[in-house]
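Below is one structure, written out as structure tokens; comments come after it.
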Amino acid sequence: MNRKLILIFLLTIVQISWAQNCDFEIRNLSDILNGKTELIEQSEYEKVVGISEKLIEFKPKYELELTEEYPEIFKLKDSCYTFSANQNVDIGIKTPELKACKYLKKEKAYSNYEFKGTYCGNALIEITGYESWGFLSVDLENGLTCFTMGKPLTSSGETAISYSNYYGEEEIALTDLKTKEQYVIGIEGWRTVESKTYGNVYYLKLESEFQTDCEKEIKYLKLKIKN
């Protein structure tokens, strides 16, 4: 193979690699909820902006209030609250439980929590750890709990959307607030900058980030539960 052919071959490989790195690729992290993601045009997104529904506000409630009102659900043991959860290996829940713990003096095992309030029959607890963060939504009827990396947002009280970026990968979760089943996706190199909701369907505006060799782009997503 002569030098000219080798150069062409190498340039082709570089172009292919660049295109792959700049592609908008959706990674399925969990599909217990049987969700669906669809790329949509800007025009469809902008139609929804005008008719989007108002998000339900969180009602502030302190830890002491909730533990006194729901003693069977909030039981503190060894600096931790433990809640039942749907087991889901794909998104890191390998046991049928989730915890909110306070370990403030252990450097790498650092863990903390803060009760943020209630919404739609759920208590919301923010948890932080060593290179980790997120929220627990605890059902106030039965204690069933789910984890979302971002703060859950809902307009209907039936389903919620949440999103947060973990070192360059946007993690987006659609959650059934009753069953705590989830549809979770990850998108490397993108960040959600805006979201709208209408009738349990969620519309997201995302911008490309963290990709220094790629042109800035905007994409629009539609997420819902499959019929």
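Take segment 196-213 and flag every residue that is open to solvent by 30 Å² or more (accessible area, probe 1.4 Å) and either touching a residue at least 12 places away in the same chain (Cβ under 8 Å) or in a strand (DSSP E or B) (or both). Step through it out loud before you land on a result.
So in segment 196-213, the residues open to solvent by 30 Å² or more (accessible area, probe 1.4 Å) come out as 196, 198-200, 205, 207, 209-213.
Correct list: Lys196, Tyr198, Gly199, Asn200, Lys205, Glu207, Glu209, Phe210, Gln211, Asp213.
Under the condition of being outside any loop (DSSP other than H, G, I, E, B) and without any contact (Cβ under 8 Å) to a residue 24 or more places away in the chain, the residues counted in segment 144-154 number 0. Examine segment 165-173 for a residue that is closer than 21 Å to Pro60 by Cα, modelled with pLDDT of 95 or more, surrounded by 14 or more Cβ atoms within 10 Å (Cβ to Cβ) and not aliphatic (A, V, I, L, M), and state whether such a residue exists. For segment 165-173, residues closer than 21 Å to Pro60 by Cα, modelled with pLDDT of 95 or more, surrounded by 14 or more Cβ atoms within 10 Å (Cβ to Cβ) and not aliphatic (A, V, I, L, M): absent.
Run down Ser162, Ser132, Ser137 and say which single residue is surrounded by fewer than 20 Cβ atoms within 10 Å (Cβ to Cβ) and small (Gly, Ala, Ser). Show your work before the answer.
On the way: Ser162 fails: surrounded by fewer than 20 Cβ atoms within 10 Å (Cβ to Cβ); Ser137 fails: surrounded by fewer than 20 Cβ atoms within 10 Å (Cβ to Cβ).
Just one listed residue meets the conditions, Ser132.
To keep it simple, each residue is scored yes or no on (1) part of a strand (DSSP E or B); (2) in contact with a Lys or Arg (Cβ under 6 Å, 6 or more places away or on another chain); (3) β-branched (Val, Ile, Thr).
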position	(1), (2), (3)
Thr128	yes, no, yes
Gly134	yes, no, no
Ser137	yes, no, no
Asn142	no, no, no
Ser156	no, no, no
Ala160	yes, no, no
Leu174	yes, no, no
Thr179	no, no, yes
Ile185	yes, no, yes
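Only a single item in (1) closer than 19 Å to Leu55 by Cβ; (2) open to solvent by less than 20 Å² (accessible area, probe 1.4 Å) is not met by Lys178, and it is number (2).
Name, by its number, the condition in (1) within 18 Å of the chain's Cα centre (by Cα); (2) more than 23 Å from Leu55 (Cα to Cα) that does not hold for Tyr110. Unmet for Tyr110, out of (1) within 18 Å of the chain's Cα centre (by Cα); (2) more than 23 Å from Leu55 (Cα to Cα): (1).
Please go through segment 181-195 and give me each residue that is among the aliphatic types (A, V, I, L, M), over 22 Å from Ser137 (Cβ atoms) and open to solvent by less than 10 Å² (accessible area, probe 1.4 Å), ordered by number. Across segment 181-195, the qualifying residue is only Ile187.
Under the condition of being touching a Ser or Thr at 6+ places or on another chain (Cβ under 6 Å) and open to solvent by less than 50 Å² (accessible area, probe 1.4 Å), the residues counted in segment 53-84 number 3.
Of all residues in segment 33-60, those being under 20 Å from the mean Cα position of the chain (by Cα) and hydroxyl-bearing (Ser, Thr, Tyr) number 1.
The values are calculated or read from the model by the stated rules, or taken from the named source; none is laboratory data. What you see is a predicted model; the values in this text were computed from it and never measured. Virtual Cβ from ideal backbone geometry, glycine too; neighbours counted across all protein chains shown. For accessibility, only protein heavy atoms count, side chains too; no ligands or nucleic acids. Shrake-Rupley method; radii C 1.70, N 1.55, O 1.52, S 1.80 Å.
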